[in-house]
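All remarks here apply to the structure that follows.
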Amino acid sequence: MTMLKDVTGSTLSFNACKATQKLQEMAKAPYDLTKEGNLTPQRLAKFTAEAAGYKFLYGTERVTEETMHALMDLAGEMHALEKMEKMQAGEIMNFIEGYPSEQRQVLHTALRDFFDHPNPAKAAIEATQTARKEAEKLKAFISKLDKDNRFTDLLIVGIGGSELGPKAQYEALKFHQKPSRHVHFIGNVDPDTIASTVRDLHLKKVLVVVISKTGGTLETATNEEVLRALFKEAGIKAEEHFVAITAKGSPMDDKKKYAEIFHMWDWVGGRFSSSSCVGGFLIAFACGFDTYWDFLRGCNAMDKAALQKDLNKNLPLLGALLGIWNRNFLKSVILAVIPYSQALARYPAHMQQVDMESNGKQVDQQGQLVDFETGPIIFGEPGTNAQHSFYQLIHQGTTPVPLELIGFKNSQFGEDRILHGTTSQEKLLSSLFAQSIALATGQKNENPNKAFPGNRPSHILLARQLTPFALGALLSYVENKIAFQGFIWGINSFDQEGVQLGKTVANKIIARFAAQHGETAGAQPFPLGDALLKHLETL
């Protein structure tokens, strides 16, 4: 059994908690949503929480009041709220005790703590002041771009946290986009990505933003070099068209190469950086700085909700606890994230990275193997498209898949019409509510092929409209929910050692490719790589 000493000074273990043992007993006979009289309007009204413009409807989860009390007891035993307070105050939360690790603060919440009642802790204030200065610098730069009106297109060059979050945010806020502004993304090192993206662009009107915290990400560095060569071939000075977002002192922190440089900090992980200039630059460029500011305001509102002791006002903790109930006690392996909004089409991919890169861990913060399950597998697509894709498995498959459903009362554009008595938005919401009910209650039928087992848990995040504020609140919900789960599991949600090994091996194979082109520097014998490379010769 793994043990750890948490930031409160207590020696803790997830499996040794009294609440864990109580929840294990409850999980032997969880609430039956299919039983007649169990899923009622009164239950749906009762199991509701609200914060930062979102209602959280969880009557279709397999929980009772007793289950929720026990889950709160678990959060208490693992000091989840105290850890959140310490994280937002700037204490070191990114660590593995007794082993070499990053030993860093985790202060992405400081990137947007510019509004009412900012965190009073000294470390948080310092981080917020630093982030505020960078935001003001961005505002001035965007204002200059608007006046010059030189650039119509923005190329974002980055991968992972430098692309997934920003791209999800851009797609969600495109309804605010200025008619003269367009944004494109180059993440994959696949040469077809650049070829297909730049073929119809007039490079003189293109601004390139290169995002890499370390300044040495293989895919990003390669794509930047290729783009610089294209600009040079077109007779254009790249240094007047390229902007860098990187850490101070990185290889990219070179004013001779860029028109402007914005900085990232070691207290913000890449996947948690999309509320910084990493995501803010493209929002401000495409939609205006005020849109970015409203987005930050939404983030901040949900950050403050994550500090609430009342579970009915703390949506991130509520989402975390329901996830732990499904993962650790009902033994669900997967979580499907289904936004009933086409604007959030890339949101599941962003959540996939933030969740799986954060909580896909097998050791606790003492470096010992855990003896329980940690982060789930995340996937998803927009509804109603998903209903015509993989919902067959979700309804009748052998593996129950909990769902996080996201919906909005009103559409973004408001361009809708009544057909056959209802609007398209009302049809969309009808599908959202219907799926939640159908998954919970199931359907009995003498024909086994038409029988639905039910008891497939889900909850709904529901807001009035997908505004910049609402998008910011949704991002913060995800980030803080994932942090809460890591706190309760006692793992380090803020490093990502798991992405490094493949990079190391890839560099060995790259050196073997280089040797084939006569570049022998760095090439070392690598029999396994050579064995795979030989297959290319037969193609």
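The values are calculated or read from the model by the stated rules, or taken from the named source; none is laboratory data. Since the model is a prediction, treat every value here as computed from it, not as a measurement. Backbone-built Cβ (ideal geometry, glycine too); neighbour counts: all protein chains shown.
Each row is one residue, and each column tells you yes or no for (1) outside the structural domain of L432 (by TED's automatic domain parsing); (2) out of contact with any strand residue (DSSP E or B) (no Cβ under 9 Å at 6 or more places or on another chain); (3) buried (at least 16 other Cβ atoms within 10 Å of the Cβ); (4) of a type outside the set (A, V, I, L, M, F, W, C).
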residue	(1), (2), (3), (4)
E61	no, no, yes, yes
E66	no, yes, no, yes
E97	yes, no, no, yes
F115	yes, yes, no, no
K122	yes, yes, no, yes
Q129	yes, yes, no, yes
K137	yes, no, no, yes
D153	yes, no, yes, yes
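Being in contact with a Phe, Trp or Tyr (Cβ under 9 Å, 6 or more places away or on another chain) and either closer than 28 Å to S431 by Cβ or in the same structural domain as P339 (by TED's automatic domain parsing) (or both) is the requirement here; does A451 meet it?
In short, no.
For residues that are over 21 Å from F242 (Cα atoms), of a type outside the set (S, T, N, Q), touching a residue at least 24 places away in the same chain (Cβ under 8 Å) and not in a loop (DSSP other than H, G, I, E, B), tally how many sit in segment 113-157.
Number satisfying all stated conditions: 6.
Could you check segment 468-507 and list, in sequence order, the residues that are out of contact with any helix residue (DSSP H, G or I) (no Cβ under 6 Å at 6 or more places or on another chain) and closer than 30 Å to L528 by Cβ?
D495, E497, G498, V499, Q500, L501, G502, K503, T504, V505, A506, N507
On the given criteria, is I261 out of contact with any Cys (no Cβ under 6 Å at 6 or more places or on another chain) and either modelled with pLDDT under 95 or buried (at least 24 other Cβ atoms within 10 Å of the Cβ) (or both)?
Here the answer is no, as I261 does not meet what is asked.
Spot the failing condition for A345; the list is (1) more than 29 Å from M26 (Cβ to Cβ); (2) surrounded by 22 or more Cβ atoms within 10 Å (Cβ to Cβ); (3) among the small types (G, A, S), and only one is missed.
(2)
Checking the condition without any contact (Cβ under 8 Å) to a residue 24 or more places away in the chain and under 30 Å from I406 (Cα atoms), which residue from Q465, Q524, Q485, Q443 passes?
That would be Q443, the only listed residue that is without any contact (Cβ under 8 Å) to a residue 24 or more places away in the chain and under 30 Å from I406 (Cα atoms).
Hey, any hits in segment 502-523 for a residue that's under 28 Å from the mean Cα position of the chain (by Cα), surrounded by fewer than 19 Cβ atoms within 10 Å (Cβ to Cβ) and under 30 Å from N326 (Cβ atoms)?
Taking segment 502-523 first, the residues under 28 Å from the mean Cα position of the chain (by Cα) are 502-507.
Still in the list and also surrounded by fewer than 19 Cβ atoms within 10 Å (Cβ to Cβ): 502-507.
Cutting the leftovers down to under 30 Å from N326 (Cβ atoms) gives us 502.
Yes: segment 502-523 contains one or more residues that are under 28 Å from the mean Cα position of the chain (by Cα), surrounded by fewer than 19 Cβ atoms within 10 Å (Cβ to Cβ) and under 30 Å from N326 (Cβ atoms).
Based on what the data block shows, is F289 under 19 Å from the mean Cα position of the chain (by Cα) and over 30 Å from G59 (Cβ atoms)?
Judged against the criteria, F289 is not a match.
Residues in segment 467-486 that are of a type in the set (A, V, I, L, M, F, W, C) and over 17 Å from the mean Cα position of the chain (by Cα): how many?
Selection size over segment 467-486: 0.
So H420 fits all but one of (1) loosely packed, with under 14 Cβ neighbours inside 10 Å; (2) farther than 30 Å from V268 by Cα; (3) touching a residue at least 60 places away in the same chain (Cβ under 8 Å); what number is the exception?
So H420 meets the others, but not (3).
Do you know which residues across segment 484-539 are of a type in the set (G, A, S), outside any helix (DSSP H, G or I) and more than 30 Å from M78 (Cβ to Cβ)? Even if it seems obvious, please write down each step before you answer.
Residues of segment 484-539 of a type in the set (G, A, S): 486, 490, 493, 498, 502, 506, 511, 514-515, 518, 521-523, 529, 531.
Applying the additional criterion that residues be outside any helix (DSSP H, G or I) yields 490, 493, 518, 521-523.
Scanning segment 484-539 gives G518, A521, G522, A523.
Of all residues in segment 139-163, which are within 26 Å of M351 (Cα to Cα) and touching a helix residue (DSSP H, G or I) at 6+ places or on another chain (Cβ under 8 Å)?
L154, L155, I156, V157, G158, I159, G160, G161, S162
Could you please give the count of residues in segment 239-258 that are crowded, with 20+ Cβ neighbours inside 10 Å and either more than 15 Å from G215 (Cα to Cα) or at pLDDT below 95 (or both)?
Counting residues in segment 239-258 that are crowded, with 20+ Cβ neighbours inside 10 Å and either more than 15 Å from G215 (Cα to Cα) or at pLDDT below 95 (or both) gives 1.
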